[in-house]
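Below: one structure, written as structure tokens.
The values are calculated or read from the model by the stated rules, or taken from the named source; none is laboratory data. Here the structure is a predicted model, which means the values were calculated and not measured. Positions of Cβ are generated from backbone atoms using ideal geometry, with glycine treated the same way; all protein chains shown enter the neighbour counts.
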Amino acid sequence: MNTTSSQHFELECINCHTRLPLTRDVTGCPSCGENILEARYDLHKIDPQTWVQTLRRRQPNLWRYREVLPILDSAHIVSLGEGGTPLIRSQALATSLGLKHLYIKDERQGPTGSFKDRQATVAISALKEMGVNELVVASTGNVAIAYAAYCARAGIKLWAFFPSLTPGEKMREAALYGAEVIKITGTYDQTKEIAARFARSKGIFFDRGIKSVASIEAMKTMAYEIAQDLGEEYEEGARWRAPDWFLQSVSGGMGPIGVAKGFREMVGFGLVDKMPALGLVQSAGCAPMVEAFERGQRIATPVETPQTIIATLATGNPGRAYELLYDYVQAHGGYFTAATDDDAFTATLILARTDGISVEPATAVTFAGLINLVRQRIIKPDDIVVVNCSGHTMAVEKHILGEQWQHSVDLSGQARLPALPEEGLLSALEQVEAQVRRIVIIEDNMDAARLIRRILQARGSYDIHLAHNGAAGIQLIHEVMPDLVVTDLMMPDVDGFQVIDTLKADPKLAHIPIVVVTAKELTAAERARLNGQIDMLLQKGSFVDDRFIESLVSKLK
């Protein structure tokens, strides 16, 4: 690690702009009481183009941007290789939503599996520089786990306070790293208050002041990485690129505030030419920001009793953070939206079974919000969209998969036999095959066809056949005699209308249910032509919907 000094920096109150140094005693602005402080650097000493070239020669982790991070001496940096996470271009999900440029910032690949590793490396490095050797933190899971890992590396003792809704697996992981774990039967807001009182009574450092500074400064590095990667993706040379949208679920709100600061700094550097719109998603069971936004209010009314089982999003009082995010949306564009826990669990399945990415519930809420914003046409097909994939799946499978997630074959009664009878195996296979239903999908866009197939196969053992045009589809239908046909309308040569006419004209095929999936806005005449001929009409861009899948499955029963 380079041990040369970093740029000089000070903290600045976002309200009255008082400047002060970062010390262990900082808990807010001493002049006005504001609790959100941001680091300010000597940016005029940095030549952007020279810096960009320097960054390319450094290790691709968070600390490559050390000139704009709040550490005076890089010898104090406590790192586990965080940052530098990939920006993955979505294929299947993007196709299903009709988006041309959907990217997933995969923060699951951090050292402890969440984007809070960024906050932990900055916070613990700053605390080490200040000589702190014991720390109290309140968390719903990811922050405490990340802090515990980095505290272990730095030799700092950690007291981690959790609300009782936090999954036991997360509390145990923090304990594994050596943290003293205290579970509080109460809300997250109550847990924070108890943690603060404990810290005061014991004279232990409580991370309230450094937490907001570290969170903002650490999360802004996501913005730098995104802009740098998008610049390379779109071959814009030395210039980086901001997306049209950055989406993240929010509870306290420090993450997107940090991302916004990163883009603001890059605009000042001349590295990007715009600020992205923010898509801010909350759980419907605890959505004070969304409710205030829908009322056009800059100040959120706290939610006293959160009604979500997603503990990481159960902050009832967002405080000043909402005001900052509201102001940002008014100035640069964006939207607040909510998604239910059920929407989140459905999104978990969709993302895992289409793009192969397994995410924590807070991330799933973000993707559910993305689907909502696309359906409302707030996000447009040509927009460049980046979603913060903030963490990996935790133990929520019982909510997502239900009880019937595996098929069991009991062979215990035959365990003493020298060999498995062949007839018994064949009989078992025949019983499974007897439950299979045949589906023909006719779609000239093979990505869309494969997506429908994957979603259906995830819901049952269906025998699915694909045809890339109408003529091949008709031939395939005659060959396999399916129980359901899913067809596009707009195809070259033999289109979907001709496929439907052919099926309905043939007595042997007329009974087969037909689902039409189309991106075309149908005219009145076209709708009349389909009336009474098909069982379901679905616009492309909305078929990643559990109700759609349930409807398809119901056709097979």
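Overview of values
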read-out: The stretch 276-306, subset part of a loop (DSSP other than H, G, I, E, B) and under 20 Å from the mean Cα position of the chain (by Cα), residue nearest to G333 (Cα to Cα); value: P276
read-out: Residues that are outside any loop (DSSP other than H, G, I, E, B), touching a helix residue (DSSP H, G or I) at 6+ places or on another chain (Cβ under 6 Å) and among the small types (G, A, S), drawn from the stretch 90-123; value: A92, S96, S114, A120, A123
read-out: Qualifying positions in the stretch 41-51 - farther than 25 Å from L11 by Cα and at pLDDT below 90; value: Q49
read-out: Complete set of residues in the stretch 262-321 that are over 30 Å from Y65 (Cα atoms) and hydroxyl-bearing (S, T, Y); value: S283, T301, T305, T308, T315
read-out: Residue in the stretch 219-233 that is farther than 28 Å from P361 by Cα, surrounded by fewer than 17 Cβ atoms within 10 Å (Cβ to Cβ) and in contact with a helix residue (DSSP H, G or I) (Cβ under 9 Å, 6 or more places away or on another chain) present; value: no
read-out: Among the candidates A160, A126, A148, A144, residue that is in a strand (DSSP E or B), small (G, A, S) and either free of Cβ contacts under 8 Å to residues at least 60 places away in the same chain or not assigned by TED's automatic domain parsing to the domain that holds P361 (or both); value: A160
read-out: Filter result (at pLDDT 60 or above, touching a helix residue (DSSP H, G or I) at 6+ places or on another chain (Cβ under 9 Å) and either of a type outside the set (V, I, T) or assigned by TED's automatic domain parsing to the domain that holds D355 (or both)) within the stretch 533-557; value: Q533, D535, M536, L537, L538, K540
read-out: Selection from the stretch 163-178 of residues that are touching a residue at least 24 places away in the same chain (Cβ under 8 Å) and either β-branched (V, I, T) or in a loop (DSSP other than H, G, I, E, B) (or both); value: L165, T166, P167, Y177, G178
read-out: Any hit, the stretch 57-72, residues being in the same structural domain as P361 (by TED's automatic domain parsing) and polar (S, T, N, Q); value: yes
read-out: Residue that is nearest to I477 (Cα to Cα) [pool: residues in the stretch 502-525 that are in contact with a helix residue (DSSP H, G or I) (Cβ under 8 Å, 6 or more places away or on another chain) and in a helix (DSSP H, G or I)]; value: L503
read-out: I71, sole failed condition from (1) crowded, with 20+ Cβ neighbours inside 10 Å; (2) under 21 Å from the mean Cα position of the chain (by Cα); value: (2)
read-out: Given (1) modelled with pLDDT under 95; (2) within 28 Å of I384 (Cα to Cα); (3) crowded, with 20+ Cβ neighbours inside 10 Å, number of the condition L37 does not satisfy; value: (2)
read-out: Residue within the stretch 145-155 that is surrounded by fewer than 16 Cβ atoms within 10 Å (Cβ to Cβ) and modelled with pLDDT of 95 or more present; value: yes
read-out: Any hit, the stretch 71-89, residues being in a helix (DSSP H, G or I) and touching a Gly at 6+ places or on another chain (Cβ under 8 Å); value: no
read-out: Residue tally, condition outside any strand (DSSP E or B), crowded, with 18+ Cβ neighbours inside 10 Å and of a type in the set (V, I, T), over the stretch 452-501; value: 6
read-out: Evaluation of D343 against (1) buried (at least 19 other Cβ atoms within 10 Å of the Cβ); (2) closer than 28 Å to P70 by Cβ; (3) charged (D, E, K, R) (one fails), failing number; value: (2)
read-out: Among residues of the stretch 185-205, those that are crowded, with 19+ Cβ neighbours inside 10 Å, at pLDDT 90 or above and not in a helix (DSSP H, G or I), counted; value: 1
read-out: Test: A331 is surrounded by fewer than 20 Cβ atoms within 10 Å (Cβ to Cβ), under 24 Å from G28 (Cβ atoms) and at pLDDT 95 or above; value: no
read-out: Criterion violated by V385 - all others in (1) at pLDDT below 90; (2) in a strand (DSSP E or B); (3) under 30 Å from P111 (Cα atoms); (4) not small (G, A, S) satisfied; value: (1)
read-out: Residue match in the stretch 46-63 (condition: surrounded by fewer than 18 Cβ atoms within 10 Å (Cβ to Cβ) and among the aromatic types (F, W, Y)); value: yes
read-out: Where a residue in the stretch 502-515 is farther than 16 Å from R529 by Cα and not assigned by TED's automatic domain parsing to the domain that holds I441 and its partner, wherever it lies, is of a type outside the set (S, T, N, Q) and not in a loop (DSSP other than H, G, I, E, B), with Cβ under 7 Å and at least six apart; value: none
read-out: Matching residues, the stretch 350-365, being hydrophobic (A, V, I, L, M, F, W, C), surrounded by 20 or more Cβ atoms within 10 Å (Cβ to Cβ) and outside any strand (DSSP E or B); value: I350, L351, I357, A362, A364, V365
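Here is a yes/no grid of residues against (1) part of a loop (DSSP other than H, G, I, E, B); (2) in contact with an Asp or Glu (Cβ under 8 Å, 6 or more places away or on another chain):
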| site | (1), (2) |
| --- | --- |
| N317 | yes, yes |
| L324 | no, no |
| V329 | no, no |
| F336 | no, yes |
| T348 | no, no |
